[in-house]
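The values are calculated or read from the model by the stated rules, or taken from the named source; none is laboratory data. Worth saying up front: this structure is predicted, and the values here are computed from it rather than measured. With ideal geometry, Cβ positions are generated from the backbone for all residues, glycine too; neighbour counts draw on all protein chains shown.
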């Protein structure tokens, strides 16, 4: 699926798949000589992810990835401006 539909090389990234009810994640990672698959079932939350199939891949920062795994709305959080305390006196 990664190579055929997304036209991506599977060993070049981390790929996250979710189910229709958005309470399960499968994460596919290439590690040295084979694939590693992580599976997460969210007990009390839904994955906050709004992508259409035709959009293809979405690149996440490390922080966005942590927010996604924590069940937080990472797409909204990534738009927040970081605080610059030098502007305050």
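Remarks
- Residue in the stretch 2-13 that is surrounded by 14 or more Cβ atoms within 10 Å (Cβ to Cβ) and over 18 Å from residue 59 (Cα atoms) present: no
- Enumeration of residues in the stretch 1-25 that are under 19 Å from residue 44 (Cα atoms), outside any loop (DSSP other than H, G, I, E, B) and touching a residue at least 24 places away in the same chain (Cβ under 8 Å): 18, 25
- When residues of the stretch 59-82 are limited to those that are in a loop (DSSP other than H, G, I, E, B) and at pLDDT 65 or above, the one nearest to residue 46 (Cα to Cα): 71
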